[in-house]
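Derivation of every value follows stated rules applied to the coordinates shown; laboratory data play no part. A quick note: this is a predicted structure, and the numbers were derived from the prediction, not measured. Glycine gets a Cβ as well: all are built from the backbone with ideal geometry, and neighbour counts include every protein chain shown.
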Amino acid sequence: MFLEPRIGDENRGWIEVIAGPMFSGKTEELLRRLRRAKIAQVRMAIFKPHIDIRYGQNKIVSHDANYFPSLPVKKASDIRKNVGNAELVAIDETQFFDEEIVDVCEELALNGTRVICTGLDMDYMGRPFGSMPQILSIANYVTKIHAICMSCGHPATHSFRKVKDNEQVVLGELETYEARCRKCFNDGMNP
């Protein structure tokens, strides 16, 4: 559960993380928080990795086709350069950024900025993904979202890759991935 800051905490930043497998609603939850901040007239800067062009280059988009404009950047230091006077910085698909993303988030929070990161906490092999473990450990608030297992209907915590490819990063949607619970994920990995 996310708590708003108390009166007098205006200059204290923090880090929120929304994590989970593919198709769990991470970006939708981020968009919900951004819509609320927009209503409150909070100055925002929204970023995504330049490699994520699944729904368009200059916006973050949920699987339900809801979106917010965003700036695609190549590396974490580009976020620092483009924050401006934002009170809230949102970073979608955080797992795709380089290791410096941890320092960028920490610096922003120390400077009084609310930072919201979304990302896959595990890769297609069920291993911690990118810098997400470090960001999860320094976050003030963590929201872990589950999907529905496409094999059995139980809560899903894993992103199962349906195609043969050993690269860690393979962009795709329903044709490439499906959400699975721990048991169905392991059954699929060890047929």
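Toward the positive end of the charge dipole of segment 14-146, about the Cα centre and with charges on Cβ (Lys, Arg +1; Asp, Glu -1), which of 140, 25, 109 goes farthest?
Working it through, the farthest residue towards the positive pole turns out to be 25.
Any idea how far apart residue 142 and residue 183 come out in nm if each label point goes 7 Å out from Cα toward Cβ?
2.5
With r as the distance between the Cβ atoms of residue 32 and residue 176 and R0 = 25 Å, compute the FRET efficiency 1/(1 + (r/R0)^6) and round to 0.05. Walk me through the numbers before you get to the answer.
On the way: r = 26 Å, r/R0 = 1.03.
So, using R0 = 25 Å, E works out to roughly 0.45.
Can you give the net charge of the other residues whose Cβ lies under 13 Å from the Cβ of residue 19, counting K and R as +1 and D and E as -1? Could the numbers behind the result be given before it?
Numbers: positive: 26, 144; negative: 16, 29, 92, 93, 121, 123.
Computed value for this residue: -4.
So who's got an amide H within less than 5 Å of the one on residue 151, skipping anything under 5 residues away but keeping other chains? H placed 1.01 Å off N, in plane.
Close amide H contacts, sequence-distant or interchain: 181.
With unit charges on the beta carbon (Lys/Arg positive, Asp/Glu negative), name the residue among 46, 97, 126 whose Cα is farthest towards the positive pole of the charge dipole of segment 14-146.
46
Based on Cβ point charges of +1 for Lys and Arg and -1 for Asp and Glu, what charge dipole magnitude is obtained for segment 14-146 about its Cα centre, in debye rounded to the nearest 20? All intermediate terms of the calculation are to be shown ahead of the outcome.
Numbers: 17 positive and 17 negative charges, 107 e Å.
Dipole magnitude for segment 14-146 comes out near 520 debye.
Can you run phi through the Karplus equation (6.51, -1.76, 1.60; θ = phi - 60°) for segment 113-123 and list ³J(HN,Hα) in whole Hz, with x for Gly and Pro?
Here the 3J(HN,Hα) series is 9, 7, 10, 10, 10, 10, x, 6, 7, 10, 8 Hz.
Based on the Cβ-Cβ distance from residue 190 to residue 168, what FRET efficiency comes out when R0 is 25 Å, to the nearest 0.05?
Working: r = 19 Å, r/R0 = 0.78.
E(calc), rounded to 0.05, equals 0.80.
Could you give the length gained on full extension between residue 110 and residue 81, defined as 0.36 nm per residue of separation minus the Cα-Cα distance, in nm? Walk me through the numbers on the way to the answer.
On the way: separation 29, 0.36 × 29 = 10.44 nm, distance 1.61 nm.
Once the chain is fully extended between residue 110 and residue 81, it gains 8.8 nm.
Per-residue HN-Hα couplings for segment 131-148, Karplus 6.51 cos²θ - 1.76 cosθ + 1.60 at θ = phi - 60°, whole Hz, x for Gly and Pro?
Per-residue couplings from phi come out as 8, 4, x, 5, 5, 4, 6, 9, 5, 7, 9, 10, 10, 9, 10, 10, 9, 10 Hz.
Along segment 19-26, what does the Karplus equation 6.51 cos²θ - 1.76 cosθ + 1.60 (θ = phi - 60°) give for ³J(HN,Hα), rounded to whole Hz, x for Gly and Pro?
Karplus-based 3J(HN,Hα) across segment 19-26 equals 10, x, x, 4, 6, 9, x, 4 Hz.
Kindly identify segment 14-146 as rounded, prolate or oblate by the Cα gyration tensor criterion: order the square roots of the eigenvalues as a ≥ b ≥ c, call it rounded if a/c is under 1.5, otherwise compare a/b with b/c, prolate if a/b is larger, else oblate. Spell out each step's value before the answer.
Working: a/c = 1.31, a/b = 1.11, b/c = 1.18.
In terms of gyration-tensor shape, rounded.
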